[in-house]
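Written below as structure tokens is the structure these notes are about.
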Amino acid sequence: MQMLPKVHRAFADFQCRASASRYPPAPTRGFHSLKGNVQNLMVNETTRVIYQGFTGKTTKAINNARDAIAHGINIAAQAVRPNASLVHVPASFASGAVEEAIEAEIPLIVAIAEHIPVHDMLRVHEILRTQSKSRLVGPNTPGILAPGKCRIGIIPADQCAPGRVGIISRSGTMIYEAIGATLRAGQGQSLVVGLGGDSMPGTTMKEALEVLLHDSATEAIILIGEIGGSAEVEAAELLKPVISIISGRTAPPGRAMGHAGALLAAGELGADAKARVLQDSGARVLDHLGLLENELRAIFS
């Protein structure tokens, strides 16, 4: 693979800087009001991906790019306009890289770093609310995968297969378990979306679910939630057949379980209450991942 010349923040095709003066103060409202660009999640074989952090000191981004190329991503022979960016930058610098991608109006930005400082993410969300071009997935996400078409992130593409089941989860580990269950049930995946486990994700579970509900290639959806926040309850308002699993039923209140966002705070719905809301909305709620394979077989039989 030919090494690219080093540029500011390792933008392979062009560089830009986020300017505080460009962004007016954001109105006071919820973090996730970006409806018009949610379709940016639908990656495919035509998606043009740029790596931010490609020329860093480690070889992780280069190795990841090799895997992505093997999975179908095209190598750019010249400077092209990307429509997706993988932010392969350490947490302390990741927000700056995300801001640059927003400034460049890249439609889809995937940030895999965990524990980006909350203050940095507050600024990122403020900038996101002032524009309508860019859609952020993550941080702390394994990425997005359309098997056989495009991978942006670290989901093991060689363990997946094209199919009819969409998967949405805040947890990367749970995504991998769900992928295994679909394959054992004789099914593949249409689109896999890792939302990220940090407390301030760029894309909500409801937004990702809305995309899959309107995707003709997706006939069933696996929705994996956990304690903390209200994303699962909001997603329940939309409910194709949806299989849902809520992890953390025995987690003690006030303690983060694996993710910064997986924390049951005072006044929030617990795992059992979330499961009831999803069940009342028509989702098939399972107690644990071990039941997933048989449930998929029942849906497609």
Legend entry - Check on Val43, touching a strand residue (DSSP E or B) at 6+ places or on another chain (Cβ under 9 Å), under 18 Å from Val211 (Cβ atoms) and modelled with pLDDT of 50 or more: yes
Inset, instruction - Under 6 Å between Cβ atoms, at least 6 apart or on separate chains: pull out the pairs that start in region 146-161 with a residue that is basic (Lys, Arg) and end on any residue that is modelled with pLDDT of 95 or more and part of a strand (DSSP E or B). - result: Arg151/Leu145
Inset, instruction - Please indicate, with yes or no, whether at least one residue in region 82-100 is touching a strand residue (DSSP E or B) at 6+ places or on another chain (Cβ under 8 Å), surrounded by fewer than 18 Cβ atoms within 10 Å (Cβ to Cβ) and within 15 Å of Val49 (Cβ to Cβ). - result: yes
Inset, instruction - Restrict the check to region 206-221 and report whether at least one residue is in a loop (DSSP other than H, G, I, E, B), of a type in the set (A, V, I, L, M) and in contact with a Phe, Trp or Tyr (Cβ under 9 Å, 6 or more places away or on another chain). - result: no
Legend entry - Residue in region 104-120 that is farthest from the chain's Cα centre (by Cα), counting only those that are in a helix (DSSP H, G or I) and farther than 18 Å from Thr204 by Cβ: His119
Legend entry - Scope region 123-181; condition of a type in the set (Ser, Thr, Tyr) and within 19 Å of Pro90 (Cα to Cα); matching residues: Thr141
Legend entry - Residues that are at pLDDT below 80 and either hydroxyl-bearing (Ser, Thr, Tyr) or under 26 Å from Glu210 (Cα atoms) (or both), drawn from region 46-70: Thr55, Thr58, Thr59
Legend entry - Test result for Arg123, of a type in the set (D, E, K, R), surrounded by fewer than 20 Cβ atoms within 10 Å (Cβ to Cβ), assigned to a helix (DSSP H, G or I) and modelled with pLDDT of 95 or more: yes
Legend entry - Residue count, region 126-162 (criterion: more than 30 Å from Ile243 (Cβ to Cβ), charged (D, E, K, R) and either touching a Gly at 6+ places or on another chain (Cβ under 8 Å) or assigned to a loop (DSSP other than H, G, I, E, B) (or both)): 2
Inset, instruction - Only one of these is surrounded by 15 or more Cβ atoms within 10 Å (Cβ to Cβ), out of contact with any Leu (no Cβ under 8 Å at 6 or more places or on another chain), small (Gly, Ala, Ser) and over 19 Å from Gly194 (Cβ atoms): Ala275, Ala266, Ala283. Name it. - result: Ala275
Legend entry - Residue count, region 210-235 (criterion: under 15 Å from Arg284 (Cβ atoms) and surrounded by 24 or more Cβ atoms within 10 Å (Cβ to Cβ)): 7
Inset, instruction - Those residues that are in contact with a helix residue (DSSP H, G or I) (Cβ under 9 Å, 6 or more places away or on another chain), acidic (Asp, Glu) and closer than 27 Å to Thr46 by Cβ, I need them from region 86-116; list them, please. - result: Glu99, Glu100, Glu103
Inset, instruction - Give the number of residues within region 163-191 that are under 17 Å from Glu219 (Cα atoms), in a loop (DSSP other than H, G, I, E, B) and either at pLDDT below 95 or not hydrophobic (A, V, I, L, M, F, W, C) (or both). - result: 3
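The values are calculated or read from the model by the stated rules, or taken from the named source; none is laboratory data. Not measured: the values here are computed from a predicted model. Using ideal geometry, Cβ is built from the backbone for each residue, glycine included, and neighbour counts are taken over all protein chains shown.
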